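*Asks:* Dropping the structure in here first, questions after.
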Amino acid sequence: MIQYHIQPASPEAHLFHIILRVAEPDVNGQRLTLPAWIPGSYMIRDFAKNIVMLKASSCGKEIDAKKQDKQSWQCAPCSGELLIEYQVYAWDLSVRSAYLDTTRGYFNGTSVFLRVVGQERVSCQVEIQPPKGAQFADWQVATTLPSAGAAPFGFGRYQADGYDALVDHPVEMGRFLHSGFEAAAVPHELILTGRHQADIERLCADLKCICDHHIAFFGELPVMDKYQFQVLAVGEGYGGLEHSSSCSLICKRDDLPGRGEKQITEGYRQFLGLCSHEYFHLWHVKRIRPQQLKQADLSQETYTRLLWAFEGITSYYDELALVRSGIIEVDSYLELLAQTITRVIRCNGRHKQTLTDSSFDAWTKFYKQDENAPNAIVSYYTKGALVALALDLTIRQRTQGRKSLDDLMRALWENHGKPDTGIPEDGIERLAEQVTGLDLKAFFDQALRGTDDLPLKELLATVGIGYQINAATSATDQGGLYTKEKKTDEKPRPVLGVRMAPAEERARLAAVLDNGAAQRAGLSAGDIVIAVDGIRATAKNIEQLIAQVPPGRSVPLHLFRRDELMQFDVTPLPAPADTCRLWQLDEATASQTESRQAWLQRTADVP
């Protein structure tokens with residue numbers, strides 16, 4: 001057995017202290033390595049950069065541990081047990097790495113546990129110790145690592161069947177609130193860290209509703225002893241990462257439901273969608289997965305063209321589950337869908353990068369976006385969700401409602417998820433045709449390997465949904481539900497064609513969009529506009545200043561580029577038609593209404 005001992009040795013300095021014991025090291029010298037990335041987040045993060053000290057010994061004597069590359073060490077041969085002692089700096093407030101201060105500790109195994117090369121299948125034991133000091137006496141531990149003697153929520157010994165399992169169970173420690181519920185007779189725990197005033201009873205009830213829906217959708221819950229939602233509430237933040245029996249989430253504390261609140265706020269709706277997304281990954285990503293990611297090499301990039309399916313289809317079902325489970329109403333779902341469509345339309349990169357290329361290039365483009373990203377790339381999350389929508393409605397239309405994307409997902413679970421076989425690059429397309437009996441080659445060629453827009457207006461009409469694209473009414477207009485009160489036929493206002501840097505008082509350009517007024521005039525990302533036609537410009541008033549410019553008129557803009565004052569003459573252009581609105585058609589036929597009800601119908605509760 002490989003043994004790890006981890007302790008928050010210096011919370012004030014953000015240092016974990018780890019001891020690794022290898023009972024039977026390689027006789028030729030043991031090689032050790034730390035992953036460069038974490039499954040579910042496709043970017044090289046070089047976690048080994050946070051190791052600040054490492055030494056090796058055997059039988060009480062220090063031995064040489066020579067660094068071989070950015071993340072690997074080669075230990076000299078030894079005749080007895082190999083002991084590695086090292087420290088990890090933990091100051092990443094995210095769901096991907098490790099964090100430690102005097103209020104809480106958190107880590108993913110990929111950030112702290114060295115891999116013993118050649119012994120990846122050997123059982124592991126982990127002893128998690130609390131920090132020293134009376135002020136930490138009430139700290140607890142939350143993880144789905146199987147206990148090897150540790151009490152529930154207690155420090156002590158845990159275990160894992162090999163390295164892959166070891167790094168698939170994040171650990172939260174500190175002071176947290178915990179509650180829970182059962183779904184499919186399996187305990188589900190809510191771990192809530194951070195300051196908040198959340199209605200825990202309501203939160204658990206809503207999460208149970210979502211979990212029951214997903215379990216009913218796939219027909220069963222994957223085998224596990226328990227499931228954990230690990231939630232960190234902060235002032236500003238958002239993110240999630242899936243694991244085989246848990247998920248790590250970060251949310252704004254204001255997005256959680258307050259005590260006594262009954263409505264579904266936009267923030268709470270977004271948080272429930274995030275929970276739904278990560279829970280859906282229990283089946284679709286953690287078990288239904290590409291062959292390339294089944295035994296991924298965590299030391300380097302692992303490429304697949306299927307991220308559109310695994311993140312895009314999940315992004316489609318995460319919000320669809322909210323309406324199907326009864327958490328939100330149909331109009332609320334249409335508002336979310338319209339906002340997704342709007343985000344895709346506003347990226348000119350959708351005409352330059354295919355969805356399969358977006359998946360393949362996630363390592364260097366999607367996860368490393370720069371100021372030109374809106375002009376150069378398309379998100380496999382958002383466009384992938386629209387492809388899932390289009391595929392679902394296409395199957396329903398062409399089979400007269402006998403089949404849907406739901407059938408494909410359940411077939412993926414039965415054929416690839418439960419037997420854990422991995423999916424070849426063309427496997428989803430082939431199985432879709434097999435399940436539906438349809439020739440879908442033309443659909444997939446256009447949706448996945450082409451850059452034309454999807455025929456969403458026509459497809460949504462088949463389920464009685466109206467579709468309209470207009471100019472945004474303001475910089476904060478993200479699309480949504482069409483109502484008769486909303487005026488969408490007004491003359492588009494003049495705009496610069498830029499994206500402003502958020503949360504700044506200065507009018508700093510974060511991105512300059514293709515073919516917009518700013519790009520034509522020579523403005524660039526990073527420019528700070530200080531005046532429009534002689535009037536001081538700020539983040540708050542620049543939109544209004546530009547909107548007041550008469551059509552066709554050129555105005556001087558003064559700005560700083562780096563430390564140089566510059567002037568550009570800019571002719572604002574009408575706001576482009578890039579904002580989607582959806583609504584339920586009043587004049588929908590009986591067939592359209594029936595199709596819409598079948599599409600959005602509530603899945604039966606778990607027996």
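*Asks:* Looking at the range 540-578 only, could you name the residues that are charged (D, E, K, R), in a strand (DSSP E or B) and within 15 Å of residue 508 (Cα to Cα)? Working first, answer last.
*Replies:* Start the filter on the range 540-578 by keeping residues that are charged (D, E, K, R), which leaves 540, 543, 553, 561-564, 569, 578.
Next, from what is left, pick out any that are in a strand (DSSP E or B): 561, 564, 569, 578.
561, 564 - these are the residues of the range 540-578 that are charged (D, E, K, R), in a strand (DSSP E or B) and within 15 Å of residue 508 (Cα to Cα).
*Asks:* Among the listed residues 341, 328, 345, identify the single one that is in contact (Cβ under 8 Å) with a residue 40 or more places away in the chain, among the aliphatic types (A, V, I, L, M), touching a helix residue (DSSP H, G or I) at 6+ places or on another chain (Cβ under 8 Å) and within 21 Å of residue 468 (Cβ to Cβ).
*Replies:* Going through 341, 328, 345 in turn, just one is in contact (Cβ under 8 Å) with a residue 40 or more places away in the chain, among the aliphatic types (A, V, I, L, M), touching a helix residue (DSSP H, G or I) at 6+ places or on another chain (Cβ under 8 Å) and within 21 Å of residue 468 (Cβ to Cβ): 341.
*Asks:* Determine, yes or no, whether residue 291 is without any contact (Cβ under 8 Å) to a residue 24 or more places away in the chain and within 20 Å of residue 363 (Cα to Cα). Don't jump to the end; show me each part of the working.
*Replies:* Numbers: without any contact (Cβ under 8 Å) to a residue 24 or more places away in the chain: no; within 20 Å of residue 363 (Cα to Cα): yes.
No, not satisfied.
*Asks:* Any residue at all in the range 97-111 that is under 29 Å from residue 141 (Cα atoms) and of a type in the set (D, E, K, R)? Step through it out loud before you land on a result.
*Replies:* Filtering the range 97-111 for residues under 29 Å from residue 141 (Cα atoms) gives 97-111.
Next, from what is left, pick out any that are of a type in the set (D, E, K, R): 101, 104.
Yes, the range 97-111 has at least one match.
*Asks:* Continuing with this model, one more query. Do any residues in the range 569-592 that are under 25 Å from residue 339 (Cα atoms) and outside the structural domain of residue 498 (by TED's automatic domain parsing) have Cβ atoms under 9 Å from those of residues that are part of a loop (DSSP other than H, G, I, E, B) and acidic (Asp, Glu), where the two are at least six apart or on different chains, and which pairs are they?
*Replies:* Close Cβ pairs satisfying both conditions: 579/477.
*Asks:* Another question, if that's okay. Scan the range 113-125 and report the pairs whose first residue is outside any loop (DSSP other than H, G, I, E, B) and whose second residue is among the small types (Gly, Ala, Ser) and modelled with pLDDT of 95 or more, with Cβ atoms within less than 6 Å and a gap of 6+ or a chain change.
*Replies:* What qualifies is 124/160; 125/148.
*Asks:* Please go through the range 203-232 and pick out each residue that is surrounded by fewer than 22 Cβ atoms within 10 Å (Cβ to Cβ) and either assigned to a strand (DSSP E or B) or without any contact (Cβ under 8 Å) to a residue 12 or more places away in the chain (or both).
*Replies:* Selection gives 223 alone.
*Asks:* Here are some residues: 460, 448, 405, 389. Which one is outside the structural domain of residue 597 (by TED's automatic domain parsing) and under 25 Å from residue 342 (Cβ atoms)?
*Replies:* Values: 448 fails: outside the structural domain of residue 597 (by TED's automatic domain parsing); 405 fails: outside the structural domain of residue 597 (by TED's automatic domain parsing); 389 fails: outside the structural domain of residue 597 (by TED's automatic domain parsing).
Of the residues listed, the single one that is outside the structural domain of residue 597 (by TED's automatic domain parsing) and under 25 Å from residue 342 (Cβ atoms) is 460.
*Asks:* Take residue 313 and tell me if it is under 22 Å from residue 391 (Cβ atoms), surrounded by 22 or more Cβ atoms within 10 Å (Cβ to Cβ), under 14 Å from the mean Cα position of the chain (by Cα) and not aromatic (Phe, Trp, Tyr). Lay out the reasoning, then the answer.
*Replies:* On the way: under 22 Å from residue 391 (Cβ atoms): yes; surrounded by 22 or more Cβ atoms within 10 Å (Cβ to Cβ): yes; under 14 Å from the mean Cα position of the chain (by Cα): yes; not aromatic (Phe, Trp, Tyr): yes.
Judged against the criteria, residue 313 is a match.
*Asks:* Collect the residues in the range 90-130 that are surrounded by fewer than 18 Cβ atoms within 10 Å (Cβ to Cβ) and aromatic (Phe, Trp, Tyr), keeping them in residue-number order.
*Replies:* Within the range 90-130, just 91 meets the criteria.
Rundown of residues vs (1) assigned to a helix (DSSP H, G or I); (2) on the phi > 0 side of the Ramachandran plot; (3) touching a helix residue (DSSP H, G or I) at 6+ places or on another chain (Cβ under 7 Å); (4) modelled with pLDDT of 95 or more, yes/no style:
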residue	(1), (2), (3), (4)
263	no, no, no, no
267	yes, no, yes, yes
272	yes, no, yes, yes
302	no, no, yes, yes
305	no, no, yes, yes
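*Asks:* Also, I was wondering about something else. In the range 233-254, how many residues are in a loop (DSSP other than H, G, I, E, B) and either assigned by TED's automatic domain parsing to the domain that holds residue 288 or over 21 Å from residue 289 (Cβ atoms) (or both)?
*Replies:* Here is the first cut: in the range 233-254, the residues in a loop (DSSP other than H, G, I, E, B) are 235-238, 243-245.
Going one step further and asking which of them are either assigned by TED's automatic domain parsing to the domain that holds residue 288 or over 21 Å from residue 289 (Cβ atoms) (or both), we end up with 235-238.
Number satisfying all stated conditions: 4.
*Asks:* Continuing with this model, one more query. Name, by its number, the condition in (1) free of Cβ contacts under 8 Å to residues at least 24 places away in the same chain; (2) surrounded by 22 or more Cβ atoms within 10 Å (Cβ to Cβ); (3) under 22 Å from residue 390 (Cα atoms) that does not hold for residue 271.
*Replies:* Only one criterion is unmet by residue 271, namely (3).
*Asks:* Among the residues of the range 521-560, which ones are surrounded by 14 or more Cβ atoms within 10 Å (Cβ to Cβ) and among the charged types (D, E, K, R)?
*Replies:* 527, 533, 543
*Asks:* Could you check the range 88-106 and list, in sequence order, the residues that are assigned to a strand (DSSP E or B) and either over 18 Å from the mean Cα position of the chain (by Cα) or not assigned by TED's automatic domain parsing to the domain that holds residue 33 (or both)?
*Replies:* Kept after step one, since they are assigned to a strand (DSSP E or B), are these residues of the range 88-106: 88-89, 91, 98-100, 104-106.
Once the filter is applied, which keeps residues that are assigned to a strand (DSSP E or B) and either over 18 Å from the mean Cα position of the chain (by Cα) or not assigned by TED's automatic domain parsing to the domain that holds residue 33 (or both), the range 88-106 yields 88, 89, 91, 99, 100, 104, 105, 106.
*Asks:* List every residue pair whose Cβ atoms sit under 8 Å apart, with the two residues 6 or more apart in sequence or on different chains, where the first one lies in the range 1-28 and is farther than 19 Å from residue 121 by Cβ and the second, anywhere, is among the acidic types (Asp, Glu).
*Replies:* Pairs found: 5/127; 6/127; 11/101; 12/101; 14/101; 17/85; 18/85; 19/85.
The values are calculated or read from the model by the stated rules, or taken from the named source; none is laboratory data. Computed from a prediction, not measured in an experiment: that's the story for all the values here. Glycine gets a Cβ as well: all are built from the backbone with ideal geometry, and neighbour counts include every protein chain shown.
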